[in-house]
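This report refers to the structure that appears directly beneath it.
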Amino acid sequence: MQAESAASQTALMVCAYRARESRAARPLFVDPWAEALAGADGEALAARLEAQFPPMGLWLALRVAYLDRLVGLAVDRLSVRQVVILGAGYDTRAARLPRSGTTYFEVDHPATQAAKRARLAALPGYPVDAARYVACDFERQDPITQLVDRGFDVREPALVIWEGVVPYLTEAAVRATATRLAAGLDPRSVVAFDFVGKKLVEGSSANTADHATRQYVGELGEPLRFGANDILPLCADAGFRWVRSLDFNQLALELCGDYVRDRQFRFQHIALCSRTTPAIGWP
Ligand SMILES: C[S@@+](CC[C@H](N)C(=O)[O-])C[C@H]1O[C@@H](n2cnc3c(N)ncnc32)[C@H](O)[C@@H]1O
């Protein structure tokens, strides 16, 4: 949960991490806009965290690569024509992964969204009209109502990506938003979100890098608030009836081809949820 009027700093920081990955020799994805969007201020935020928690770059790269893959599957195999990015920050999927006939909706806290739009306007060549922009504070507002106001069709399925946001919200806001999504979206819709474990959020992890990460985002004005060791009960309470959760060691094994215990990916997960079993197998 960010301060009422301040644009998210963590959003700028993860954008800089996307720029770093894009420059790698064998990147998991390429975001051609990230470096210019993040700017020197975003890079400085990432560099400080990198020194404290080196696995952060791979963690975020895996997250982006996996969620990019979901967009392809949803559009190409499930004929989903609406992609919603909740808490979009400096996400560029609308520009990076355009699909004919598919509408992107970027939903974010009004302060972050205004900051992003100002940066986009100064970025030559960026297709600003690739997304519809929807302002919403998840602590107070209903994302479905806000989306419908911008032309979202609740009778058509959507892929909803809620990336890097849930840990910063209160549990009440996570529950309210998830419940609203389960009830308000077409039942064929799929919601994907990442979450972290309770120990990381509560500061009870024995690992010093975990403490440093938690403290750092707190200093940026975005303290970690919500953690879960088992997300199934919350998703079931919200109204979802199909839930999958995978951890980042699984993702690393699949996307990088190895398992490295020292990466410290024990607290990070991605959940996929739907009201009905999707018509295709999900990765
Ligand atoms: C770590 S950033 C992630 C941004 C983006 N999803 C990404 O992965 O690059 C956290 C995002 O959560 C959003 N956020 C935090 N609290 C929010 C709230 N109460 N309502 C709406 N968005 C919120 C911030 O504005 C920011 O865009």
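Scan the stretch 70-87 for residues that are under 13 Å from the mean Cα position of the chain (by Cα) and either open to solvent by less than 10 Å² (accessible area, probe 1.4 Å) or of a type in the set (Asp, Glu) (or both) and jot them down.
Leu70, Val71, Val83, Val84, Ile85, Leu86 - these are the residues of the stretch 70-87 that are under 13 Å from the mean Cα position of the chain (by Cα) and either open to solvent by less than 10 Å² (accessible area, probe 1.4 Å) or of a type in the set (Asp, Glu) (or both).
When the residues of the stretch 136-151 are filtered to those that are of a type in the set (A, V, I, L, M, F, W, C) and open to solvent by 10 Å² or more (accessible area, probe 1.4 Å), which remaining residue is farthest from the ligand (Cβ to nearest atom)?
Within the stretch 136-151, the match that is farthest from the ligand (Cβ to nearest atom) is Val148.
Provide a single number: the residues in the stretch 21-50 that are open to solvent by 10 Å² or more (accessible area, probe 1.4 Å) and within 17 Å of Asp68 (Cα to Cα).
9
In the stretch 187-198, what residues are within 18 Å of Arg175 (Cβ to Cβ) and open to solvent by 50 Å² or more (accessible area, probe 1.4 Å)?
Lys198
Among the residues of the stretch 199-220, how many are of a type outside the set (Phe, Trp, Tyr), open to solvent by less than 40 Å² (accessible area, probe 1.4 Å) and farther than 12 Å from Pro167 by Cα?
Qualifying residue count, the stretch 199-220: 8.
Quick check on the stretch 172-184. Is at least one of its residues part of a loop (DSSP other than H, G, I, E, B) and either hydroxyl-bearing (Ser, Thr, Tyr) or within 18 Å of Leu272 (Cβ to Cβ) (or both)?
no
From the list Ala114, Ala118, pick out the single residue that is touching a residue at least 24 places away in the same chain (Cβ under 8 Å) and either open to solvent by 10 Å² or more (accessible area, probe 1.4 Å) or outside any loop (DSSP other than H, G, I, E, B) (or both). Spell out how you get there, then give the answer.
Details: Ala118 fails: touching a residue at least 24 places away in the same chain (Cβ under 8 Å).
So the residue among Ala114, Ala118 that is touching a residue at least 24 places away in the same chain (Cβ under 8 Å) and either open to solvent by 10 Å² or more (accessible area, probe 1.4 Å) or outside any loop (DSSP other than H, G, I, E, B) (or both) is Ala114.
Name the residue that is nearest to the ligand (Cβ to nearest atom), counting only residues in the stretch 222-244 that are farther than 17 Å from Ala182 by Cα and surrounded by 15 or more Cβ atoms within 10 Å (Cβ to Cβ).
Glu222
Would you please name the residue that is modelled with the lowest pLDDT, looking only at residues in the stretch 249-283 that are buried (at least 16 other Cβ atoms within 10 Å of the Cβ) and in contact with a Pro (Cβ under 9 Å, 6 or more places away or on another chain)?
Among residues in the stretch 249-283 that are buried (at least 16 other Cβ atoms within 10 Å of the Cβ) and in contact with a Pro (Cβ under 9 Å, 6 or more places away or on another chain), the one modelled with the lowest pLDDT is Gln264.
The values are calculated or read from the model by the stated rules, or taken from the named source; none is laboratory data. What you see is a predicted model, and the numbers here were worked out from it, not measured in a lab. Neighbour counts are summed over all protein chains in view; Cβ atoms, including those assigned to glycine, are modelled from backbone coordinates with ideal geometry. Protein only, heavy atoms only, side chains kept; ligands, DNA and RNA dropped before computing areas. Shrake-Rupley method; radii C 1.70, N 1.55, O 1.52, S 1.80 Å.
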